[in-house]
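Shown next, in structure tokens, is the structure this report addresses.
Throughout, read-outs are computed from the coordinates displayed, never taken from laboratory work. Not measured: the values here are computed from a predicted model. Every residue, glycine among them, receives a Cβ derived from its backbone with ideal geometry; neighbour counts consider all protein chains shown.
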Amino acid sequence: MIPHRNQPGGATSRGRTSSKAPARRAATKPLTNEAEALAKCFALAVRNVSIYPVAHPRARSAAEDCLALVRARGGIILTTHDRSLGCNGCRLGDDPQFEWVVERLRAAALRGVVMSPHCQHDDLLEFARALVAPRRAGKDPAFDWPVDHPRLRVLPLTFTGTFGGGGEGVSGGDTLRACPAVGGGWTLENDGVCGGVTSQSVGTNQGPGGREFYADGFATTTGPGSNHQEISVGGLAKVPGFTDVVHTVFDPNTSNGNDWRSGGLRKLSNTTGRVTGFFQLFDKCDSSGVNCPGSRTATLTFGKVNGIGDVVALCDMAPVEIGNRVWSDENGNGVQDPGEPAIAGVPVSLEIGSTTYTVVTDMNGVYRFSSDTRWSDTASAEFGVPQMSDGAAAVVTFPTAVTLSGVSRPITRRDAAGPN
């Protein structure tokens, strides 16, 4: 993406006006919306080429004015939104000029245009001529412009390809470390050193000062990698007291150089900077359908493009719970076999400390007693039992028998090894 920079719109000069060239009048309502000004200058440049030859002074003058704004603003990105136009991330209001540009772009099967600040005069004029050429199926040539043009890039309406369901993309960045500074504040890593700790990762010309603290490259645990030297995609979690940091990456495997177009997590050491482990959430079969075994059904994902959200550490201790299922052991083997029915409505009591809690099994025969305070009690579950803690003594009591289909059945404690 071309960065947006706030720069002066240009200098003004004073002087005499030649009698051969009338002076231009200043607009009575100067444009205050920068995005709108950029979009309008582009629309005017294209419109003039639809009226005049590219060598005509008016066509060339409009192109010159547009390029001056593009260079001053560090480039522009124009995109279509239904019948309206967007510029540098701003969706513009209704305007006949913008609707006309949108119609031309859609007729050429484009959803947008990216102009770099290095765009040349002839680039814009030739693109405009290709854009305004008539489009009649079977009679006129289709829109023809190189998709990889270095200065004026087009964004097709649709993608074709096999990777990720259409189009190949890569999104990757660096993971940097900041450490507490003497006297307060934070200091960014430099030359692989942070907070007095020197990284054991390898590689030069990486990171601030020529070396990076964390090794976050493709198919390696120690360095920048061979094909992709930065594979971090933005998600990160650090839990105080642990020596690792977890971050989201594409191609997480640390040794298999053929396991690409995948996504997952990696662990980075805060003492060595090296990768200490990885977990793959999806592989290339999921993302591209390439080289999938016959037993697999490809489920297309984002591949190397960032399709993973943030990382959240769940640090709460698991609650203390007592619970199970009351069911009819039809064959008396002490195992919950498929098809053996649950028994609902069985009262179960928990005696803990000086308090007794009683619940009734639900339609699935399930009951629960828990120390978890986040949930509300139900007929079959008692939550927030304060006496329940690790190592606390408790007694669970059941009735001696229940009636099932009109027949009294004893409740026993039997497992596959026999009565207990």
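Each of 409, 274 was scored by other Cβ atoms within 10 Å of its Cβ. Listed from fewest to most, they are 409, 274.
Ranked highest first by the average count of other Cβ atoms within 10 Å around their residues, in what order do 301-313, 386-398 fall?
Values: 301-313: 17.1, 386-398: 12.0.
Ranking the peptides 301-313, 386-398 by packing returns 301-313, 386-398.
Which of the three applies to region 182-338, rounded, prolate or oblate, going by the alpha-carbon gyration tensor with a ≥ b ≥ c and a/c under 1.5 meaning rounded? In terms of gyration-tensor shape, oblate.
For region 87-97, putting each phi into the Karplus relation 6.51 cos²θ - 1.76 cosθ + 1.60 with θ = phi - 60° gives couplings of 9, 6, x, 9, 7, 8, x, 5, 7, x, 5 Hz, in residue order, rounded to whole numbers and with x for Gly and Pro. Once a ≥ b ≥ c are taken as the square roots of the eigenvalues of the Cα gyration tensor of region 53-118, is the result rounded (a/c under 1.5), prolate (a/b larger than b/c) or oblate (a/b not larger than b/c)? Oblate shape, in that a/c is at least 1.5 and b/c is the bigger or equal ratio. Going from the fewest other Cβ atoms within 10 Å to the most, the residues 145, 375, 260 appear in the order 375, 145, 260.
Taking square-rooted eigenvalues a ≥ b ≥ c of the alpha carbon gyration tensor, is region 264-412 rounded, prolate or oblate, where a/c under 1.5 means rounded and, failing that, a/b exceeding b/c means prolate? Don't skip to the answer; put the middle values down first.
Values: a/c = 3.33, a/b = 1.72, b/c = 1.93.
Judged from the Cα gyration tensor, region 264-412 comes out oblate (a/c at least 1.5, b/c at or above a/b).
Each of 350, 152, 157 was scored by other Cβ atoms within 10 Å of its Cβ. Listed from fewest to most, they are 157, 152, 350. The charge dipole of region 232-289, taken about the Cα centre with unit charges on the Cβ atoms of Lys, Arg (+1) and Asp, Glu (-1), comes to about 180 debye, rounded to the nearest 20.
For the peptides 322-334, 74-86, 51-63, residues were scored by their other Cβ atoms within 10 Å and the scores averaged per peptide; the highest-first order is 74-86, 51-63, 322-334. Computed extension gain for residue 121 through residue 354, at 0.36 nm per residue and net of the alpha carbon distance, reaches 75.1 nm.
Taking amide hydrogens as placed 1.01 Å from N in the peptide plane, the amide H of residue 228 sits under 5 Å from those of 218, each at least 5 positions away in sequence or on another chain.
Phi-derived couplings, Karplus 6.51 cos²θ - 1.76 cosθ + 1.60 at θ = phi - 60°, listed residue by residue for region 226-235: 8, 8, 10, 8, 9, 10, 5, 10, x, x Hz, with x used for Gly and Pro.
Within the shell of other residues whose beta carbon sits under 10 angstrom from the beta carbon of residue 84, the net charge comes to -2, with Lys and Arg scored +1 and Asp and Glu -1. Taking a Cβ cut-off of under 12 Å around residue 38, the surrounding Lys, Arg, Asp and Glu residues balance to a net charge of 0, with basic ones at +1 and acidic ones at -1.
In sequence order, region 346-363 has phi-based couplings of 8, x, 10, 10, 10, 9, 9, x, 9, 10, 10, 10, 10, 10, 10, 4, 7, 5 Hz under the Karplus curve 6.51 cos²θ - 1.76 cosθ + 1.60, θ = phi - 60°, and Gly or Pro positions carry x. Placing +1 on the Cβ of every Lys and Arg and -1 on the Cβ of every Asp and Glu, with no other charges, gives region 51-99 a dipole of roughly 220 debye about its Cα centre. Amide hydrogen proximity for residue 206: with H placed 1.01 Å from N in the peptide plane, the residues at 5 or more positions away or on another chain lying under 5 Å are 211, 212.
Grab the Cα-Cα distance for residue 171 and residue 197, subtract it from 0.36 nm times how many residues apart they are, and report the gain in nm with one decimal.
Working: separation 26, 0.36 × 26 = 9.36 nm, distance 2.93 nm.
Length gained, residue 171 through residue 197: 6.4 nm.
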